[in-house]
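Student: Before we start, here is the structure in question, set down as structure tokens.
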Amino acid sequence: VQLQASGGGLVQAGGSLRLSCVISGTIFRRNAMAWYRQAPGKQRDVVATITTSSITRYVDSVKGRFTISRDNAKNTVYLQMNDLQPEDTAVYYCKASDGSIARDYWGQGTLVTVSS
């Protein structure tokens, strides 16, 4: 199973980015998906999750600004990030969770840097 994340970059405060994560080697629709982030010197924390039936949840700090979505036809999960703030600066990781076999898979991460 491989997860390839992309879409990170440098953006000014108030700007937007859309992250993508393409999964191969597994049945995508069987996986719940999540985006995590890890800021320098901090632990990796969950940002947003989406179930196999597209129920979404967000950490409070990104509610109303970030949107997670999935396209089962493209084996892809997205994270639309609007009104980015410097505190959103982190490496963002996607995770796939296959509940049928109790396995988690991680992508390599994509760096998001928000300047003030």
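Student: When region 97-116 is examined, which residues are found to be in contact with an Asp or Glu (Cβ under 7 Å, 6 or more places away or on another chain), within 19 Å of Thr56 (Cα to Cα) and open to solvent by less than 20 Å² (accessible area, probe 1.4 Å)? Working first, answer last.
Tutor: Here is the first cut: in region 97-116, the residues in contact with an Asp or Glu (Cβ under 7 Å, 6 or more places away or on another chain) are 97, 112, 114.
Subsequent filtering for residues that are within 19 Å of Thr56 (Cα to Cα) retains 97.
The answer is none; no residue qualifies.
Student: Same structure again: Return yes when Arg70 is without any contact (Cβ under 8 Å) to a residue 60 or more places away in the chain and outside any loop (DSSP other than H, G, I, E, B) and no when it is not.
Tutor: On the way: without any contact (Cβ under 8 Å) to a residue 60 or more places away in the chain: yes; outside any loop (DSSP other than H, G, I, E, B): yes.
Considered against the rule, which asks whether it is without any contact (Cβ under 8 Å) to a residue 60 or more places away in the chain and outside any loop (DSSP other than H, G, I, E, B), Arg70 comes out as yes.
Student: For the subset of region 12-43 comprising residues that are surrounded by fewer than 16 Cβ atoms within 10 Å (Cβ to Cβ) and assigned to a strand (DSSP E or B), which member is nearest to the chain's Cα centre (by Cα)?
Tutor: First, the residues of region 12-43 that are surrounded by fewer than 16 Cβ atoms within 10 Å (Cβ to Cβ): 12-16, 18, 24-25, 27, 29-30, 38-43.
If we keep only those that are assigned to a strand (DSSP E or B) as well, we get 12, 18, 24, 38.
On the way: Gln12: 20, Arg18: 9, Ser24: 16, Gln38: 11 Å.
If we take residues in region 12-43 being surrounded by fewer than 16 Cβ atoms within 10 Å (Cβ to Cβ) and assigned to a strand (DSSP E or B), then Arg18 is nearest to the chain's Cα centre (by Cα).
Student: For region 83-110, name all the residues that are in contact with a strand residue (DSSP E or B) (Cβ under 7 Å, 6 or more places away or on another chain), in a loop (DSSP other than H, G, I, E, B) and of a type outside the set (Ser, Thr, Tyr).
Tutor: Quick first cut of region 83-110, residues in contact with a strand residue (DSSP E or B) (Cβ under 7 Å, 6 or more places away or on another chain) only: 84-86, 88-99, 104-110.
Then keep just the ones that are in a loop (DSSP other than H, G, I, E, B); that gives 84-85, 89, 99, 107-109.
Within region 83-110, Leu84, Gln85, Gly99, Gly107, Gln108, Gly109 meet the criteria.
The values are calculated or read from the model by the stated rules, or taken from the named source; none is laboratory data. Values in this document were obtained by computation on a predicted structure and should not be read as measured data. We place every Cβ from the backbone using ideal geometry, glycine too, and count neighbours over all the protein chains shown. Ligands, DNA and RNA are stripped out before the accessible areas are found, and what is left, the full protein with its side chains, is counted by its heavy atoms. Shrake-Rupley method; radii C 1.70, N 1.55, O 1.52, S 1.80 Å.
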